[in-house]
Amino acid sequence: MLSAAREPLRRLVLLGDTLLVVVSMFGARAVHSALREQFGAIFKQRPPLEEYIRLIYLTLPVWLVLIAALGLHRVFERSWTKGRLAWDLFKLHLLGFIALTLVIFLTQTVINRSLVIAFFAVSFAVMYASRTLLGRWQRYQHAIGNSRERILLVGRGDKEMADFAHLCMTDPFPPQIVGYLGEAGEVEGAPKHLGGIELLDEILHEGLIDRVLFLPPHNRPDELERAIQACETVGVTAELAVDLPTRTQAMPQIVQRAGHPFVAIDVAPKPPDSLAIKHAFDFVAAFLGILILWPVFLVIALAILVTMGRPVLFFQERAGLYGRRFKMIKFRTMVVDADKKRDELMTQNEMSGPVFKITNDPRITPLGRFLRRSSLDELPQLFNVLLGEMSLVGPRPLLTNEQQGISGWHRRRLSMRPGITGLWQVSGRSDVDFDQWMKLDLRYIDGWSLMMDLKILLKTVPAVLFARGAK
């Protein structure tokens, strides 16, 4: 199946997994009850139903993030062996165990180990069985031809068409290319030539065709009015290859604006379902973080009041998604008139580019230095995440005047929501020069995935614990 048709299937699988996780949790509860009746005191009392349901609410978003991050929602695009499926599910449940342990610890939910073990056993069995059955159903449907797309190509029988046909056949569930219409060629590996494009009506009416792909030079909409109408008449999907003037990593997509189709050139397209999970996780994690860490907020605020006076918080205008301006919140770490003294210190700037940084900044107070080294000054940015201005992971937002000082490919860093932590923070931070910093941001944007976010969050923990924050 082609990628455009896969998105709804991925969402359907994630919806199914949501139900499976809930079923597994209540199934584990039933198994635990049965074992307790059989073996008595060996199994401790399970938590009240209200607490158990609250635990499900807290665990479910994390579980779905892990499923998407490991690619386990791509059931109809992957062909698992039994061992590979078991290994992927083992990784899911190992990471899930770590996440669930963290949730239980942070929420102080009392839950016995036997119930947790029962959940993981039931969940593993249910997910293994469901994916095995779906895989077998998919292979059966593909074998009898129900889910195997029959594709007709329209173009020129040259090397490009032969290469395209070869790539189509590398799909785990490849389509059947019935042949091509257009200028004949004698290139090895090209599909079967069926005649000229004028035969399209006849083949659509006589042959079983699911999709027609128009390749260069037969991919201009203004020249294909009759061919597209022929496809519409019989209800067959027509797809036109986008001919870009130069090779680029940008991914063209068709979008609708006021009822008119546009070709959108997206440099690093992000799966909508994964982005939705990322934003949902940001909101839930920020809310829980504020709820759990409010005593830490209070202690830091009191320490700043006693040692530095007011204000406790520092609001600074930063450049967010596509340059949107927002007020980033931090605990104050500098003297009150720090901005006024910045011009006097410009000659000591150690950072290349438009960014200002010096190792021993005299404006930073002793408490402020500790807060920076421990990254505790960043905690109020959880409110920025809650408001949707920032993400937990993303490129670090620059000051608006610093952002205006960068140009060219550097500005592509604005194409993703800024984060509290990112590749820059876990890759040396102040020891990385400006150009490397920008390259790290683009590496994150171009290669983004939920798993990458998870890895960065895990690497951020030791960076904070060992005080590898800003200097």
* Asked: Picking from V75, V21, which residue would you name as being at pLDDT 75 or above and touching a helix residue (DSSP H, G or I) at 6+ places or on another chain (Cβ under 9 Å)?
  -> V21
* Structure fact -> All-but-one check, I456 against (1) assigned to a helix (DSSP H, G or I); (2) under 17 Å from K330 (Cβ atoms), failing number (2)
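Is it the case, given these coordinates, that V263 is out of contact with any helix residue (DSSP H, G or I) (no Cβ under 6 Å at 6 or more places or on another chain) and not in a helix (DSSP H, G or I)?
Numbers: out of contact with any helix residue (DSSP H, G or I) (no Cβ under 6 Å at 6 or more places or on another chain): yes; not in a helix (DSSP H, G or I): yes.
So V263 passes the test.
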* Take the residues in region 319-333 that are touching a Ser or Thr at 6+ places or on another chain (Cβ under 9 Å) and surrounded by fewer than 21 Cβ atoms within 10 Å (Cβ to Cβ), then tell me which one is modelled with the highest pLDDT. => R325
* Yes or no: S375 at pLDDT 70 or above, within 33 Å of the chain's Cα centre (by Cα), among the polar types (S, T, N, Q) and in the same structural domain as G408 (by TED's automatic domain parsing)? -> yes
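For V242, state whether it is touching a Phe, Trp or Tyr at 6+ places or on another chain (Cβ under 9 Å), under 30 Å from W409 (Cα atoms), modelled with pLDDT under 85 and loosely packed, with under 15 Cβ neighbours inside 10 Å. Steps first, answer last, please.
On the way: touching a Phe, Trp or Tyr at 6+ places or on another chain (Cβ under 9 Å): no; under 30 Å from W409 (Cα atoms): yes; modelled with pLDDT under 85: yes; loosely packed, with under 15 Cβ neighbours inside 10 Å: yes.
No.
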* **Meets criteria (surrounded by fewer than 20 Cβ atoms within 10 Å (Cβ to Cβ), at pLDDT 80 or above and in a helix (DSSP H, G or I)) for L414** => no
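Here is a yes/no grid of residues against (1) assigned by TED's automatic domain parsing to the domain that holds V236; (2) at pLDDT below 90; (3) buried (at least 16 other Cβ atoms within 10 Å of the Cβ); (4) not small (G, A, S):
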| site | (1), (2), (3), (4) |
| --- | --- |
| M161 | yes, yes, yes, yes |
| C168 | yes, yes, yes, yes |
| D171 | yes, yes, no, yes |
| P175 | yes, yes, yes, yes |
| E183 | yes, yes, no, yes |
| E188 | yes, yes, no, yes |
| P191 | yes, yes, yes, yes |
| G196 | yes, yes, no, no |
* Structure fact -> Taking region 385-408 and keeping residues within 14 Å of D441 (Cα to Cα), of a type in the set (A, V, I, L, M, F, W, C) and in contact with a helix residue (DSSP H, G or I) (Cβ under 7 Å, 6 or more places away or on another chain) leaves V393
* Structure fact -> For region 431-453 the number of residues that are modelled with pLDDT of 80 or more and outside any helix (DSSP H, G or I) is 3
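Restricting the search to region 264-294, which residues are of a type in the set (V, I, T) and modelled with pLDDT of 75 or more? Let's see the steps before the verdict.
Initially, region 264-294 is screened for residues of a type in the set (V, I, T), giving 265, 267, 277, 284, 290, 292.
The answer is I277, V284, I290, I292.
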* Determine if region 130-144 includes at least one residue that is at pLDDT 75 or above, part of a loop (DSSP other than H, G, I, E, B) and surrounded by 15 or more Cβ atoms within 10 Å (Cβ to Cβ). => no
* Asked: How many residues are at pLDDT 75 or above and of a type in the set (V, I, T) when one looks only at region 98-115?
  -> 2
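Among the residues of region 384-399, how many are farther than 22 Å from V426 by Cα and buried (at least 16 other Cβ atoms within 10 Å of the Cβ)?
Selection size over region 384-399: 1.
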* Asked: Condition test on P272, is it loosely packed, with under 13 Cβ neighbours inside 10 Å and either within 17 Å of the chain's Cα centre (by Cα) or not assigned by TED's automatic domain parsing to the domain that holds Y444 (or both)?
  -> yes
* Out of region 384-411, which residues are at pLDDT 85 or above and not hydrophobic (A, V, I, L, M, F, W, C)? -> N384, G388, E389, S391, G394, P395, R396, P397, T400
* To do: Please give the number of the condition V255 fails out of (1) surrounded by 12 or more Cβ atoms within 10 Å (Cβ to Cβ); (2) over 17 Å from M452 (Cβ atoms); (3) at pLDDT below 90.
  => (1)
* Collect the residues in region 275-305 that are surrounded by 19 or more Cβ atoms within 10 Å (Cβ to Cβ) and within 16 Å of M452 (Cα to Cα), keeping them in residue-number order. => I277, K278, F281, D282
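The values are calculated or read from the model by the stated rules, or taken from the named source; none is laboratory data. Keep in mind it's a predicted model, so treat the numbers as computed, not measured. Note that we place each Cβ from the backbone using ideal geometry, even for glycine, and neighbour counts take in every protein chain shown.
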